[in-house]
Amino acid sequence: MMRRGGLILFLALVAAVPLFPAFYLTMGSYIGLYSMAALGLVLLTGVAGLTSFGQAAFMGLGAYTTAVLTTKLACSPWLTLLIALALTLAVACLLGAITLRMGGHYLPLATISWGISLYFLFGTIPALGGSSGITDIKPLNLFGLELRGEGFYYYLIWAVCLASLWVTGNLLDSREGRAIRALKGGVSMPEAFGAGGLRLKNIVFVYSALLACLAGWLYAHMQRFVNPSPFGLNQGIEFLFMITIGGSFSVWGAIIGATVITLLKTVLQGILPTLISHTGNYEIIVFGVIIVAVLQCMRGGIWELIERFLPPKADKPIGQASELPARVQPPRGAPLLRVEEVRKEFGGLVAVKNVSFQVAAGEIVGLIGPNGAGKSTMFNLISGELPRTSGAVLLAGEAISGLKPAQIARRGLSRTFQHVKLMPGMSVLENVMLGAYLRTDDGVFAAGLRLNRASDARVAAEAAHQLRRVGLADSIYAQAGNLSLGQQRIVEIARALCADPLLLLLDEPAAGLRFQEKQELAKLLNELRDQGLSVLIVEHDMEFLMNLVDRIVVMEFGQKLAEGLPQEIRANPEVLEAYLGGI
Ligand code: ADP
Ligand code: MG
């Protein structure tokens, strides 16, 4: 109720601004424009973890495209809107294809360089008016009527801004949105569930650029004049300030940040030069100090502070929904996974030396060995995380070696991670829903316009079913980060089950668990096997496996040392020698 009240108050404030003196109307319009560009950055930088300094350049692309085409070629502004969006789409796809593969600090550096390049391009091409820019841009028109009033632009900008906010919020609460939110922890987790990391990054990048372009187009027709200075690197940095101060994890952070920075800048630009008795952009120093304070004290910005005073969001009830389509599971005992002479060399080191083994349907097989034996490498060769040097891996008769993790996930392999990879700020249910990424196919458009309700309800029902299956029915709405490590590992298993796998791959699921948690995990895996699930467990805790698995494969120094029933392995002197150091 309080959240809804806050929203109504906010909308009333937006609607009432034109009643105040003209100065506030102009400020309000700028805040709306900057909010849109910042909203793109929230998604790109705050949510997906891709830092970009080049957001203002895309705003410039939108502004300059319409400025040139409406003044030089007398195009209709509505047509130039489409052209500007198409051009931004093309440029963003191209830049994204070149730069999004880069990890670490290379991406921010690349965004700085394209931000600067586009800025200089605007300033040096004679047709773009050089540093003095382009004047006499036509106002927007509707049915031959020119729309000049400042109030009109204010309301138009805010209508577009609020619509963008709604679409972005919807997108984040969808199949693609959950995968985008998972990107922050690296691409390996979303890819394990079939969501290609590079594709997601490109989607976010293009979406964010389009929002900036839209803001730029509105800006040009509101101002009716453009020059390069508002689209430079400084503005790109200011957008980053906005989301950091406002809150980079929430769409509301964009609006709060844009409001605070724009108002503060105006106030400081008035006060500081008089205080210091020198003219200059001293407000940047104040922003810098505030940023450091915000990063130190509240990473989630002002929105995080506000959220503390708001009641928690109501849990979305899980309704009745038809079941998602499921795979046909192979009959118990049928060959499921075949690892044939697989070899992996890291330079001169042979981590896996021509190892072969099989897993049949309905069986739990343990892959054990001392530290450094090559178990994790073997696991990554099966899941596609590492390319093999030679050999073959077949799942249900189909070769999967050479395929990417997302393609292997599509063929029915599902996994958990040795170091738990959950999204700690999201609910347990949402985390598990990500597992069903490949079982529905709603795209970005459907999600943005909320046309995905029915299939999302089916995914939620499936996730809730898997959580009940693993015994976590009471924690559906808990924040994943608040659960114990043992429970988090079980959430990972539920997420993997949500993908409806043929084979479940578990990497050291008992690592770090207390004795009782281990026993509960073993009980759960036993139950799942009874329900027909096939599992390959990589583990070095032999005791944990002994009463659980059907067969054991032992590795040492990259080779297969032994294979057999648990009691055979336990009695095998070679294994004891390798494992217990000859005790
Ligand atoms: P385990 O999981 O059984 O403890 P690993 O598969 O992690 O063993 O490692 C097997 C061997 O391969 C070790 O000697 C390890 O140092 C080496 N190794 C693993 N990953 C890499 C890598 N990415 N580059 C180079 N060497 C690696
Ligand atoms: Mg390992």
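Within segment 511-518, does at least one residue satisfy the condition of being touching a residue at least 12 places away in the same chain (Cβ under 8 Å), out of contact with any helix residue (DSSP H, G or I) (no Cβ under 6 Å at 6 or more places or on another chain) and either closer than 15 Å to residue 368 by Cα or in a helix (DSSP H, G or I) (or both)?
Among the residues of segment 511-518, at least one is touching a residue at least 12 places away in the same chain (Cβ under 8 Å), out of contact with any helix residue (DSSP H, G or I) (no Cβ under 6 Å at 6 or more places or on another chain) and either closer than 15 Å to residue 368 by Cα or in a helix (DSSP H, G or I) (or both), which makes the answer yes.
Residues in segment 290-310 that are assigned to a helix (DSSP H, G or I) and either in the same structural domain as residue 533 (by TED's automatic domain parsing) or open to solvent by 80 Å² or more (accessible area, probe 1.4 Å) (or both): 292, 296, 297, 308, 309.
Of the numbered criteria (1) surrounded by fewer than 24 Cβ atoms within 10 Å (Cβ to Cβ); (2) outside the structural domain of residue 128 (by TED's automatic domain parsing); (3) in contact with a Gly (Cβ under 7 Å, 6 or more places away or on another chain), the one residue 245 fails is (1). Among residues of segment 92-111 that are touching a residue at least 60 places away in the same chain (Cβ under 8 Å), those with a Cβ under 8 angstrom from a residue that is basic (Lys, Arg), sequence gap 6+ or separate chain, pair up as 96/201; 100/201. In segment 379-389, the residue that is most open to solvent (accessible area, probe 1.4 Å) out of those that are within 16 Å of ligand 2 (Cβ to nearest atom) and of a type outside the set (Ser, Thr, Tyr) is 385. Residue 546 passes every criterion in (1) of a type in the set (A, V, I, L, M); (2) more than 23 Å from residue 330 (Cβ to Cβ); (3) touching a Ser or Thr at 6+ places or on another chain (Cβ under 9 Å) apart from (3).
May I ask you to verify whether residue 376 is polar (S, T, N, Q), assigned to a loop (DSSP other than H, G, I, E, B) and closer than 21 Å to residue 502 by Cα?
Considered against the rule, which asks whether it is polar (S, T, N, Q), assigned to a loop (DSSP other than H, G, I, E, B) and closer than 21 Å to residue 502 by Cα, residue 376 comes out as no.
Taken as a whole, the condition of being modelled with pLDDT of 95 or more, crowded, with 18+ Cβ neighbours inside 10 Å, more than 19 Å from residue 492 (Cβ to Cβ) and β-branched (Val, Ile, Thr) does not apply to residue 428. Checked against the criterion of being away from ligand 2 (no atom under 16 Å from the Cβ) and either surrounded by fewer than 21 Cβ atoms within 10 Å (Cβ to Cβ) or over 26 Å from residue 566 (Cα atoms) (or both), the candidates 356, 376 yield just one match: 356. Of all residues in segment 154-169, exactly one satisfies the criterion of being open to solvent by less than 10 Å² (accessible area, probe 1.4 Å) and under 22 Å from residue 427 (Cβ atoms), namely 168. Counting only residues that are open to solvent by less than 30 Å² (accessible area, probe 1.4 Å) and out of contact with any Pro (no Cβ under 6 Å at 6 or more places or on another chain), segment 122-153 holds 8 of them. Scanning segment 534-561 for residues that are hydrophobic (A, V, I, L, M, F, W, C), in contact with a helix residue (DSSP H, G or I) (Cβ under 8 Å, 6 or more places away or on another chain) and modelled with pLDDT of 90 or more turns up 535, 536, 537, 538, 548, 549, 552, 554, 555, 561. For segment 468-475, the condition of being touching a residue at least 24 places away in the same chain (Cβ under 8 Å) and in contact with a Ser or Thr (Cβ under 8 Å, 6 or more places away or on another chain) holds for none of the residues. Return yes or no: is residue 392 open to solvent by 10 Å² or more (accessible area, probe 1.4 Å), within 7 Å of ligand 1 (Cβ to nearest atom), out of contact with any Phe, Trp or Tyr (no Cβ under 7 Å at 6 or more places or on another chain) and part of a strand (DSSP E or B)? Considered against the rule, which asks whether it is open to solvent by 10 Å² or more (accessible area, probe 1.4 Å), within 7 Å of ligand 1 (Cβ to nearest atom), out of contact with any Phe, Trp or Tyr (no Cβ under 7 Å at 6 or more places or on another chain) and part of a strand (DSSP E or B), residue 392 comes out as no. Of all the listed residues (376, 322), the sole one being in contact (Cβ under 8 Å) with a residue 60 or more places away in the chain and within 13 Å of ligand 1 (Cβ to nearest atom) is 376. Selection over segment 311-360 of residues that are assigned to a loop (DSSP other than H, G, I, E, B), under 18 Å from residue 499 (Cβ atoms) and either in contact with a helix residue (DSSP H, G or I) (Cβ under 6 Å, 6 or more places away or on another chain) or at pLDDT 95 or above (or both) gives a count of 2. For the structure I just gave you, tell me whether residue 574 is within 16 Å of ligand 2 (Cβ to nearest atom) and at pLDDT below 90. No: the conditions fail for residue 574.
Scanning segment 475-516 for residues that are more than 29 Å from residue 400 (Cβ to Cβ) and open to solvent by 30 Å² or more (accessible area, probe 1.4 Å) turns up 477, 478, 479, 481, 482, 484, 485, 487, 512, 514, 515, 516. No other residue among 125, 116 is touching a Leu at 6+ places or on another chain (Cβ under 8 Å) and β-branched (Val, Ile, Thr) apart from 116.
Of the residues 100, 89, the single one that is surrounded by fewer than 16 Cβ atoms within 10 Å (Cβ to Cβ) and either under 25 Å from residue 205 (Cβ atoms) or of a type in the set (Lys, Arg) (or both) is 89.
Among the residues of segment 492-510, count how many are among the hydrophobic types (A, V, I, L, M, F, W, C) and part of a helix (DSSP H, G or I). Number of matching residues: 5. So which residues in segment 530-544 are away from ligand 1 (no atom under 13 Å from the Cβ), within 18 Å of residue 562 (Cβ to Cβ) and of a type in the set (D, E, K, R)? Across segment 530-544, the qualifying residue is only 543.
The values are calculated or read from the model by the stated rules, or taken from the named source; none is laboratory data. Since the model is a prediction, treat every value here as computed from it, not as a measurement. Glycine gets a Cβ as well: all are built from the backbone with ideal geometry, and neighbour counts include every protein chain shown. Side chains included, ligands, DNA and RNA excluded: accessible areas come from the protein's heavy atoms. Shrake-Rupley method; radii C 1.70, N 1.55, O 1.52, S 1.80 Å.
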